[in-house]
Amino acid sequence: MKTIHLFQFKNSISRKLPFFKEECRLDNLNDLIAYDLMNTEKVTEFIIEVHDDFIFEDTHKEDLLVMCQNAKEIIEHYFVTIMNDYDVI
């Protein structure tokens, strides 16, 4: 068995954190409250145990979703998407 990290952003699941800039990451709940929720995006990270022969590319999206529902740990990441009237994605 091995541990993998999957990331869900909107309707997609990937093996890598989406394209957000690290400096746009909100570090704590106070940061999240400080921004209007309309200006943030959530990326959910799922930590999952899989068999050693697991191949992400060969797994259907529906199966990935079931794996995410059964994750041993879930972490939510929030990113600021708009600051000072310009897009910072």
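Numbers at a glance
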quantity	calculated
Global form of the stretch 37-81, assessed from the alpha-carbon gyration tensor, a/c cut-off 1.5	prolate
Whichever lysines have a C-alpha closer than 16 Å to that of K10, once near sequence neighbours (fewer than 8 apart) are set aside	K42, K61
T3-E23 pseudo-label distance in nm [points 7 Å out on the Cα-to-Cβ vector]	3.1 nm
Sum of side-chain charges, I48 neighbourhood, beta-carbon under 9 Å (Lys, Arg +1; Asp, Glu -1)	-1
Reach of K2 by Cα under 17 Å, taken over lysines that are not fewer than 8 positions away in the same chain	K16, K72
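Every read-out reported here was derived from the displayed coordinates using simple, explicitly stated rules and does not represent laboratory data. Not measured: the values here are computed from a predicted model. Heads up, the Cβs are rebuilt from the backbone with ideal geometry, glycines too, and the neighbour counts pull from every protein chain shown.
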